[in-house]
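Quick notes on the structure that follows.
The values are calculated or read from the model by the stated rules, or taken from the named source; none is laboratory data. Please read all numbers here as calculations on a predicted model, not as lab measurements. Positions of Cβ are generated from backbone atoms using ideal geometry, with glycine treated the same way; all protein chains shown enter the neighbour counts. All accessible areas refer to the heavy atoms of the entire protein, side chains included, with ligands and DNA or RNA removed. Shrake-Rupley method; radii C 1.70, N 1.55, O 1.52, S 1.80 Å.
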Amino acid sequence: MTWEHAETVDIAATPNDVYRTISNLERMGEWSPENTGGSWIAGDGSSVGDRFEGNNAIGDRKWSAVAEVVRCDPDSAFCFTVGALDNPVAEWGYHLEPIDQGTRVTETWKMTQLPPSLVDAPEERVQGRVSMVAEGMAITLARLKATLES
């Protein structure tokens, strides 16, 4: 079973400016209500296969996860998988489309298997996580838009 969600926003900035901003892991905590930033552990994000450690927090719960870049095209997308490199639990992506007013940014998320924290959880808890991710994506994109348009 997979769970997925996408959110889209138009930003008055070039695709290259948006890409440079979203691929700057140290700054992600400025926009995301869950991710507090990250750092490169292999490569610098310019190549497929580069890896980073992302740091997250929800309330008092804090955790880190390793992610691997699966697409890094400054003209169109920055995407990465999270979890075990040979068996990731989720894929996140930022897809960029040039429009007359700037860039249409679509953030995507797909959970392809349950992370350890949800393996034995009731379905309503899993759906609660899906809802939390969806709300967080909308917040992230609104904050990203405000930053890039200021």
Could you give me the ³J(HN,Hα) list for segment 98-106, computed from phi with Karplus coefficients 6.51, -1.76, 1.60 and θ = phi - 60°, whole Hz, x at Gly and Pro? x, 10, 3, 8, x, 9, 8, 10, 10
Per-residue [θ]222 nm for the chain (sum of -39500 (n - 2.57) over DSSP H runs n ≥ 4, rounded to 500): -8000 deg cm²/dmol
A138-A84 pseudo-label distance in nm [points 7 Å out on the Cα-to-Cβ vector]: 3.5
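Mind checking the per residue accessible area of the chain for me, 1.4 Å probe, whole number of Å²?
On the way: 7820 Å² over 150 residues.
With the other protein chains kept in place, the chain gives 52 Å² per residue.
Would you kindly give the portion of the calculated P(r) for the chain that falls above 26 Å, as a percent of all Cα pairs?
21
Given the Cα atoms of segment 50-95, and with Rh set as the inverse mean 1/r over their pairs in the Kirkwood sense, what is Rg to Rh to two decimals? Display every interim value, and only then the final one.
Details: Rg = 11.7 Å, Rh = 11.3 Å.
For segment 50-95, the value is 1.03.
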Degrees separating the helix 123-149 axis from the principal Cα axis of the chain, which is the longest one: 20
With an 8 Å cut-off on Cα pairs and a minimum separation of 6 or more residues, tell me the relative contact order of segment 1-135 in percent. 26
Share of carbon and sulfur in the accessible heavy-atom surface of the chain [1.4 Å probe, %]: 49
Between V48 and K110, how many nm apart are label points set 7 Å from Cα along the C-beta direction? 1.5
Got a number for the accessible area of K145? Probe 1.4 Å, square angstrom, nearest 10. 60
